[in-house]
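The structure under discussion appears below in the form of structure tokens.
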Amino acid sequence: MTSNKSAVWKTVSMAADMRLPTIRKQVSLSASLSALDGKDLVVPGDVITSDTGFMRGHGTYMDEEKLTASVAGEVERVNKLICVRPLKTRFNGEVGDVVVGRVTEVQQKRWKVETNSRLDSVLLLSSVNLPGGELRRRSAEDELAMRDYLLEGDLISAEVQSVFSDGALSLHTRSLKYGKLGQGVLIQLSPSLIKRQKTHFHNLPCGTSIILGNNGFVWLYPTPGHQDEEAGGYYTSLEPVSLSDREVISRLRNCLLALSAHKVMLYDTSVLYCYESSMPHQIKDILKPEVMEEVVMVTRQKLMEQEG
């Protein structure tokens, strides 16, 4: 019976990704570590002060007449008020913040927008530009045509106009730099890593533009050649994006994820330095742990040289 049966052996070839140890450059980070030592970082249960002359702020509570931290974060003192700013939290918007959000619902005279905060933000019909830049009161026809401007799922860039009593944000897009976003890539990061600056719209030298939303939503898109002012911020180009632009956007995306993983503050200079440091590596290799560490280390060194 054994002669009638023949065993068939199959050879399976599998590609193995082997990583060998490499000699890394020794980079001195003493300056950045000393800067960290100067900050008062606390964890829940740490006693901030036993002085009864201070007022209790957010992220603190009184325990046996001692001011104690209730969250992990950085201690902030304003005169006699002490509060703890959490290192990782939902977006707490302030007036003037630039945000990137996604429309979740179309309601009467308003849109609901997801902006990574505790409550959905509100974009009123009266807070948007009409096509053509008309300045007039919104009519019933405008209310019926709301879905011609923004639909569920559309991405927008906006500015925080006011904060409601319950903490919800009221947005506005009354500027040509705000409005509906077209083709690009959205990256969701921690809001605490976005550095506050005068402008959060940057045209990078590599041919790509970036919107660093204060709410942690970052938008990457090809730098537009021109903008149609008559569209009032609602025209989106649907032309195919070239391969070179897509590669640059993909590299920037991986650089942002690498910087975020190593808790590096995100602003135009840090993103550009990380992009330049990643050029010797392939796009897909940037997210490998050892490559990511090397790229971020070189970026930190460049930032320190620029600051000091």
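What follows draws every value from the coordinates through simple rules; no lab data is involved. Being a predicted model, the structure only gives us computed values, none of them experimental. Here the Cβ positions follow ideal geometry from the backbone for every residue, glycine too, while neighbour counts run over all protein chains shown.
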Points 7 angstrom from Cα along the Cβ direction at residue 66 and residue 283: gap in nanometres? 5.4 nm
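Test of the criteria: in the range 260-308, which trypsin sites (Lys or Arg not before Pro) are in a DSSP loop and have at most 13 other Cβ atoms within 10 angstrom of their Cβ? Present the calculation step by step, with values, prior to reporting the outcome.
Details: sites: 263, 284, 300, 302; in loops: 263.
Answer by residue number: 263.
When a/c is below 1.5 the answer is rounded, else prolate if a/b is larger than b/c, else oblate, so apply that to the range 41-86 with a ≥ b ≥ c taken from the square roots of the Cα gyration tensor eigenvalues. Each step should come with its number before you reach the end.
Details: a/c = 1.95, a/b = 1.14, b/c = 1.70.
It is oblate, given that a/c is not under 1.5 and a/b is not larger than b/c.
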Take the alpha carbon atoms of the range 107-220, find their radius of gyration, then divide it by 2.2 N^0.38 Å using N residues; give the quotient. 1.11
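List, in the order given, every pair from 88/263; 66/88; 112/180 whose Cα-Cα distance in the structure shown is over 18 Å.
66/88
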The range 157-203 - Debye-derived log10 I(q)/I(0), Cα point model, q = 0.15, 0.28, 0.31 Å⁻¹: -0.56, -1.27, -1.20
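Under a Cβ-only charge scheme (Lys and Arg +1, Asp and Glu -1), can you give me the dipole magnitude of the range 233-280 about the Cα centre, in debye to the nearest 20?
Numbers: 4 positive and 5 negative charges, 46 e Å.
Charge dipole of the range 233-280: 220 debye, to the nearest 20.
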